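Each reported figure results from applying straightforward, stated rules to the coordinates on display, with no laboratory input. What you are looking at is a predicted structure, and each value in this text was computed from that prediction instead of being measured. Cβ placement follows ideal geometry from the backbone for every residue including glycine, while neighbour counts extend to all protein chains displayed.
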Amino acid sequence: MYFKLSAQQENELLNKPETGMGYQVIEANREGSYKREKFLVLNSEIIIELNGFESDYIRKIIREGISLIKMSAVPILLRSISVLTETQFRNMVNERKNDSEKGATENSVENANGTEIFVRLSAFDDDKRIDKSQKRLRPGSYTTTKDDYCKCKEIKDDPIERYALPNNEQIKYAFHIQPVKSDTLQRGTVQPANGKRGGGKEVYFDKGTSTGTFILQTAY
């Protein structure tokens, strides 16, 4: 079943970090319930129960469009929302870890050099992690490097496998970001998740990027 949040709760999720590029796995209580449940959140606006059928639900969203699905989704009010980190989610589903490489949030913080470009891949034209009014990447968001994005395309690797994305449908959009020197980031390797192998480069921006750093949107 698909659920939709109020505008207020959508904004609440936008102000929380991602679990991985393009998705959040959250733990929350439905209004009036003491039971903690886990949900998959896409684009901070569509909620999917983690019940083993989420791949089918995601496929329908990509095929029909998130706006259409949202129109028929059931409103839900969640309480005490917490977002699982990449490591917590991997442990929850017993995904194996790449012992030779670490995920981005496990590595040290560094400053951007002001010239390097990073790319965020998405199935959604209006990826809400891109603040188009301020032309910036929102805090708590993931990207990959432009070099790894280009390599993925050059060798015709599957980006869904390489970046362990939750959907099984085609990635359509690439958002290019060029942080300034005052922006900070963490680099790592995408760990296996969502039944995907990972192995691509991931970059985490805990504080997002500065105004004017979103420079280009292209087709994948």
Open item on the list: Can you find a residue that is hydrophobic (A, V, I, L, M, F, W, C), surrounded by fewer than 19 Cβ atoms within 10 Å (Cβ to Cβ) and not in a loop (DSSP other than H, G, I, E, B) anywhere in region 144-156?
Closed with: yes
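Going through Gly188, Gly199 one at a time, which residue ends up being touching a residue at least 60 places away in the same chain (Cβ under 8 Å) and not in a strand (DSSP E or B)?
Numbers: Gly188 fails: not in a strand (DSSP E or B).
Residue meeting the stated conditions: Gly199.
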Open item on the list: Between Ile160, Ile215, which is surrounded by fewer than 22 Cβ atoms within 10 Å (Cβ to Cβ), touching a residue at least 24 places away in the same chain (Cβ under 8 Å) and over 16 Å from the mean Cα position of the chain (by Cα)?
Closed with: Ile215
